[in-house]
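Below: the structure, in structure tokens.
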Amino acid sequence: MDEQDVVNDGLEKLKRAILYAETEYHPEAIAIVNGCVSGNIGDDIDSVVRDLQSQIAARLVPVHCEGFKSRFVSSGYDAANHGILKYLIRDPQPRPRLTEEEQIRYDFSRRYRIKRPVNIFNVGSNSNGDKAELSRLVSALGLIPRVVPLNATVDDLDHLGEAEVNVSICATQDDYLLGHLKERYGTEFMLNVLPIGIKRTNQ
């Protein structure tokens, strides 16, 4: 944005940038992150999403995280997670109706089957080494680790609602998202035990 945009609004420039990104790079998603300047002058990024979404293949994700709205850095994580919740997670397909016998077989296989996804939430509190070790431990339990949202694909985010359990590495960053995932999908979560040290890792 330049001075002219601050006076007249920067929405036309934003639209051109989105259309350029779509044409040049063909992304699966485009995040539109509202900063302090555009927030102060009242640029309506949601209207840009409404105008452009039908014209492009990428999923547009508006994120309202103007710094002046909060004194807490964690509200920025909440804003980004809200964008993921609203625009990127697809609801799991409903299971077809089962006979009583099929239901018993399904419940048994669900209880004892080996491969079940586990979402490990990690925005940046841990290193790549931590991520690799947590994934290894979860895999050793016969589960499928999925580390999100940092470096996750759009497809990974699409399927967040299908996990058996959500595990947080940082309560400050993840409480909003995990609470909503439980409310929407009934997914239980672990938020209060960080895997630091042998005792906590065992827990």
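When the helices (runs of 4 or more DSSP H) confined to segment 8-87 are screened for residues that are touching a residue at least 40 places away in the same chain (Cβ under 8 Å), those reaching at least 1 such residues are found at 11-25, 74-87.
For segment 40-54, the condition holds for at least one residue, the condition being that it is more than 23 Å from residue 148 (Cα to Cα), crowded, with 16+ Cβ neighbours inside 10 Å, at pLDDT 95 or above and touching an Asp or Glu at 6+ places or on another chain (Cβ under 9 Å).
Between a first residue in segment 177-203 that is in the same structural domain as residue 138 (by TED's automatic domain parsing) and without any contact (Cβ under 8 Å) to a residue 60 or more places away in the chain and a second residue that is part of a helix (DSSP H, G or I) and acidic (Asp, Glu), which pairs have beta carbons less than 8 Å apart while being 6 or more apart in sequence or on different chains? Close Cβ pairs satisfying both conditions: 191/174; 191/175. Among the numbered conditions (1) in a helix (DSSP H, G or I); (2) of a type outside the set (Asp, Glu); (3) at pLDDT below 90, the only one that residue 182 does not meet is (3).
Screening segment 143-162 for residues that are part of a strand (DSSP E or B) and either of a type in the set (Val, Ile, Thr) or at pLDDT below 90 (or both) and picking the one that is surrounded by the most Cβ atoms within 10 Å (Cβ to Cβ) gives 147. If we keep just the residues of segment 1-39 that are within 19 Å of residue 52 (Cβ to Cβ), touching a strand residue (DSSP E or B) at 6+ places or on another chain (Cβ under 8 Å) and of a type outside the set (A, V, I, L, M), which is surrounded by the fewest Cβ atoms within 10 Å (Cβ to Cβ)? Per the criteria, the residue is 28.
The values are calculated or read from the model by the stated rules, or taken from the named source; none is laboratory data. Quick caveat: nothing in here was measured; it's all calculated off a predicted structure. Cβ coordinates were reconstructed from backbone atoms using ideal geometry, including for glycine residues, and neighbour counts include every protein chain displayed.
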